[in-house]
Amino acid sequence: MMQVPFLDLKAAYDELAPQTEPEMLESLRSGWYILGPQVAQFEQQFAAYCEADHAIGVANGLDALRLALVALDIGAGDKVLVPSNTYIATWLAVSQCGAIPVPVEPDPATHNITAEGIQQAMQTGVKAVIAVHLYGQPADMTAICATAEALGIRVIEDAAQAHGARWKGKRIGAMGDVACWSFYPGKNLGALGDGGALTTNCPDLADQLRLLRNYGSREKYKNDVPGFNSRLDPVQACFLSVKLQVLDDWNTRRAQIAERYLQDLQDTDLILPHIAQDAQSAWHLFVVRHKERSRFAADLESAGIQTLVHYPIPPHAQAAYASLGLADADLPIASELAQQVISLPIGPHLSQEQVSHVIEAARRYS
Ligand SMILES: *Cc1c(COP(=O)(O)O)cnc(C)c1O
């Protein structure tokens with residue numbers, strides 16, 4: 001029987017190996033292992049790709065979010081608006097700098113945070129909002145930035161799932177104050193281990209972030225601020241520079257699979273993703289909803305198709321956030337989505353036959 005793995009990172013590695021392996025070997029043999037020219041080169045390329053003025057490479061996506069908050073002077077006692085249905089890293093970054101996450105319910109159609117949701121959740125003490133471009137689809141940055149400006153709060157983009165996405169034709173990466181990226185292997189622009197970055201058009205913020213990622217130091221053994229150790233590795237930067245060149249092509253492959261799913265799964269019991277008029281998704285995930293999710297997942301598994309759930313337990317219901325005292329009834333949209341969402345395989349290395357197999361099985365079992 002045909003097998004459809006959720007994600008095939010080995011195939012991705014193999015396709016790029018002829019270009020990446022010589023570059024990575026050169027980096028390993030260079031004798032230079034922290035920051036340096038490869039990281040600087042990737043930062044330039046990634047900033048240009050994101051249509052942003054500056055990119056700063058860091059150790060992972062969670063650190064990118066944490067450094068963004070610290071650089072914007074958000075700390076103990078402050079509040080930060082976050083989506084109620086995001087990956088927990090968005091919330092953890094807020095907690096880790098001593099601030100309090102305040103959940104905002106998403107639009108159930110796009111699963112994204114909205115300007116109206118922000119307005120409703122706004123309270124005294126809120127200094128910023130983290131807008132997550134969930135599953136690869138950009139949130140409505142036009143409305144969110146306008147609302148944030150009116151409310152006097154900063155905008156951080158959590159772009160960990162949306163490398164290459166566009167809002168109104170423009171790449172995401174510099175629409176808010178700062179955007180945060182993850183290069184975790186499974187992301188659209190994934191590395192061979194952990195990695196992350198921030199992009200921004202603000203030169204002062206970029207400068208501050210460069211300080212913060214490197215012990216608060218511009219000059220060795222001179223520390224201007226109490227910084228972190230969070231730097232992108234040169235070997236990862238080498239790999240990412242090559243991968244960045246194929247990212248648009250690989251995102252197109254994802255979009256073509258999404259197109260087929262959207263077309264061929266219309267008349268089923270599945271609720272399909274809704275992409276906003278002005279959004280061009282990076283299609284990190286293809287998330288559908290089904291009322292009998294576990295039965296549907298088991299049936300697909302019996303057909304050799306691997307699915308995942310993003311995410312089965314929303315942050316407010318995690319033991320890690322029990323102290324906030326939030327009940328499912330307080331966040332009904334996030335709670336219902338968590339019960340029903342299921343992600344079908346989508347990736348640049350899925351064959352047409354595998355996609356057909358998923359469609360056939362999903363039609364049969366939905
Ligand atoms: C992956 C992810 C992160 C965290 O990235 P890491 O590199 O794993 O730390 C943050 N936010 C979202 C929405 C993510 O999907």
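Put simply, of 259, 301 the only residue that is out of contact with any Ser or Thr (no Cβ under 7 Å at 6 or more places or on another chain), within 23 Å of residue 138 (Cα to Cα), modelled with pLDDT of 95 or more and not assigned by TED's automatic domain parsing to the domain that holds residue 112 is 259. Filtering 329, 362 for residues that are in contact (Cβ under 8 Å) with a residue 24 or more places away in the chain and in contact with a Ser or Thr (Cβ under 9 Å, 6 or more places away or on another chain) leaves a single hit, 362. Listed by first and then second residue, the pairs with beta-carbon distance under 8 Å, at least 6 apart or on different chains, first residue in segment 180-202 and over 14 Å from residue 59 (Cβ atoms) and in the same structural domain as residue 132 (by TED's automatic domain parsing), second buried (at least 19 other Cβ atoms within 10 Å of the Cβ) and among the basic types (Lys, Arg), are 188/254; 189/243; 190/243.
Looking at the structure I just gave you, is residue 110 outside the structural domain of residue 319 (by TED's automatic domain parsing), within 16 Å of the ligand (Cβ to nearest atom), surrounded by 22 or more Cβ atoms within 10 Å (Cβ to Cβ) and more than 16 Å from residue 177 (Cβ to Cβ)?
no
To keep it simple, each residue is scored yes or no on (1) surrounded by fewer than 20 Cβ atoms within 10 Å (Cβ to Cβ); (2) farther than 25 Å from residue 109 by Cβ.
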position: 329; (1), (2): yes, no
position: 339; (1), (2): yes, no
position: 346; (1), (2): no, no
position: 351; (1), (2): yes, yes
position: 364; (1), (2): yes, yes
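Within segment 176-206, the only residue that satisfies the criterion of being away from the ligand (no atom under 16 Å from the Cβ) and either closer than 19 Å to residue 34 by Cβ or of a type in the set (Gly, Ala, Ser) (or both) is 206.
Conditions tested, residue by residue: (1) of a type in the set (D, E, K, R); (2) in a helix (DSSP H, G or I).
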position	(1), (2)
241	no, yes
249	yes, yes
252	no, yes
257	no, yes
273	no, no
288	no, no
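Every residue, every condition in (1) within 28 Å of residue 338 (Cβ to Cβ); (2) touching a residue at least 60 places away in the same chain (Cβ under 8 Å), yes or no:
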| position | (1), (2) |
| --- | --- |
| 216 | no, no |
| 227 | no, no |
| 240 | no, yes |
| 282 | yes, yes |
| 286 | yes, yes |
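Hey, can you tell me all the residues within segment 53-81 that are near the ligand (Cβ under 10 Å from one of its atoms) and either among the hydrophobic types (A, V, I, L, M, F, W, C) or over 15 Å from the mean Cα position of the chain (by Cα) (or both)? Passing the criteria: 58, 59, 62, 64, 65.
The values are calculated or read from the model by the stated rules, or taken from the named source; none is laboratory data. Just so it is clear, the model here is predicted, and its values are computed rather than measured. Neighbour counts run over all protein chains shown; Cβ positions are idealised from the backbone, glycine included.
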